Amino acid sequence: MPDTRPGANPPQALQHARLMRALVEVLTELSPEERSLLLGDEIGDANKDAAPRSAAERQRLSRLRERVRTILMQRHGIDVRRWPEE
């Protein structure tokens, strides 16, 4: 995570802000089910006692992540696989 404190690293802070705006835009276009699948573990909705994801869920998540990466690249020119090198 970059240091986004004012004045710490302006180019990196701008790049990070650009990525966050683009990502929020993409996330708002997903269905609630897709957002839940994609963000569930990250926002603490996952129950630690829950069963592991099925093969179908893992495949759906993989495809969803790839779709988000593709949209970020096509619409915003952001290659998250290379970020923050860009």
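The values are calculated or read from the model by the stated rules, or taken from the named source; none is laboratory data. Owing to the predicted nature of the structure, the values given are computational and were not obtained by experimental measurement. Positions of Cβ are backbone-derived with ideal geometry, glycine not excepted, and every protein chain shown enters the neighbour counts. Surface accessibility is based on the protein's heavy atoms, side chains included, excluding ligands, DNA and RNA. Shrake-Rupley method; radii C 1.70, N 1.55, O 1.52, S 1.80 Å.
Does any residue in segment 46-62 that is within 24 Å of residue 27 (Cα to Cα) come within less than 6 Å, Cβ to Cβ, of a residue that is modelled with pLDDT under 80 and open to solvent by less than 70 Å² (accessible area, probe 1.4 Å) six or more places away or on a different chain, and which pairs are these?
46/40
Quick one: is residue 78 part of a loop (DSSP other than H, G, I, E, B), open to solvent by less than 100 Å² (accessible area, probe 1.4 Å) and either at pLDDT 90 or above or hydroxyl-bearing (Ser, Thr, Tyr) (or both)?
yes
Taking only segment 14-39 into account, find how many residues are surrounded by 17 or more Cβ atoms within 10 Å (Cβ to Cβ) and assigned to a loop (DSSP other than H, G, I, E, B).
The qualifying residues number 1.
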